[in-house]
Amino acid sequence: MAGNIRKVKTSDLELKDRLVAINRVTKVTKGGRTFSFSAIVVVGNENGIVGWGLGKASEVTAAIAKGVDAAKKNLVKVPVINGTIPHEQTAKFGGARVFLKPATSGTGVKAGGAMRAVLESVGVHNILCKSKGSSNPHNLVKATMEALLELRDAHTVAEHRGVTLDKVFNG
């Protein structure tokens, strides 16, 4: 997977952020309970570029802002063809397993909460998804990102094999 990572610079991109989940954490100290928050955020330009980040702070707004900053630091490019993905893909992270399948125009995004946020941020409009195993939003976001990173379009396959685009489809 190391050769397949497509890092993107944040300059001159119109990024939209989506909050996936907020978690309130309590630490019991001598002086009482101390609350802090962790927020998982997904940012994307809805045109094939997406990133996720985790922010932790003592206030919700600060946690979200830190999550957005972290997400902007690890943006990646994903192949999106005609509003869907090029081929079926499965991935696993922790206990979360995801299955992504391309769909025809008009299908919509058939996916659950955490997966939906990632796919809409990437710019996928038609896709069928299944989440198996853990429904932990952190692991679902990471598994979905892993599946998207493993996607390859026809041009990439042709370049990797050292053949023409016709040869990829016809034999």
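Non-local amide H neighbours of HIS125 (under 5 Å, H modeled in plane, Pro and chain starts lacking H): which ones?
Those qualifying (amide H under 5 Å, at least 5 residues apart or on another chain) are THR84.
Place a +1 charge on the Cβ of each Lys and Arg in the chain and a -1 charge on the Cβ of each Asp and Glu, then give the dipole magnitude about the Cα centre in debye, rounded to the nearest 20.
780 debye
Any chance you could list P(r) for the chain, counting all Cα-Cα pairs in 10 angstrom bins from zero, rounded to whole %?
In whole percents, the pair-distance histogram is 10, 34, 33, 15, 5, 2, 1, 0.
Tell me the mean residue ellipticity at 222 nm calculated for the chain from its helices only (DSSP H runs of n ≥ 4, each -39500 (n - 2.57), averaged over every residue, nearest 500).
Mean residue ellipticity, 222 nm, calculated: -9000 deg cm²/dmol.
Place +1 on the Cβ of every Lys and Arg and -1 on the Cβ of every Asp and Glu in region 79-161, take the dipole about the Cα centre, and give the residue among GLY123, THR104, THR156 whose Cα lies farthest towards its positive end.
Of the options given, the answer is THR104.
Order these peptides, 93-99, 161-167, by their mean beta-carbon neighbour count within 10 angstrom, highest first.
Sorting 93-99, 161-167 by mean packing, highest first, produces 93-99, 161-167.
Give the share of C-alpha pairs in each 5 angstrom bin for region 97-171, from 0 to the last occupied bin, in whole percents, shortest bins first.
Over region 97-171, the share of Cα pairs per 5 Å bin runs 3, 15, 23, 18, 14, 13, 10, 4, 1 percent.
Taking the Cβ-Cβ separation of SER36 and LYS16 as r and a Förster radius of 41 Å, what is the calculated FRET efficiency to the nearest 0.05?
0.95
In what sequence do ILE64, ILE127 fall when counting other Cβ within 10 Å, fewest first?
ILE64, ILE127
Have a look at SER58, LEU13, ALA39 and report the one farthest towards the positive end of the charge dipole of region 2-76, computed about the Cα centre with Cβ charges (Lys/Arg +1, Asp/Glu -1).
The residue sitting farthest along the positive end of the dipole is SER58.
Based on the mean of other Cβ atoms within 10 Å per residue, sort peptides 52-62, 139-149 so the most packed one is first.
139-149, 52-62
Quick check on my link table: of LYS72/LYS92; LYS30/LYS72; LYS27/LYS77; LYS16/LYS92; LYS16/LYS101, which ones sit more than 32 Å apart, alpha carbon to alpha carbon?
LYS30/LYS72; LYS27/LYS77
Order 33-46, 113-126 from most to least packed using the mean count of other Cβ atoms within 10 Å.
Top of the packing list down: 113-126, 33-46.
A short reminder: the numbers here are calculations on the coordinates, not readings from a lab. What you are looking at is a predicted structure, and each value in this text was computed from that prediction instead of being measured. Note that each Cβ is placed from the backbone with ideal geometry, even for glycine, and that neighbours are counted across all protein chains shown.
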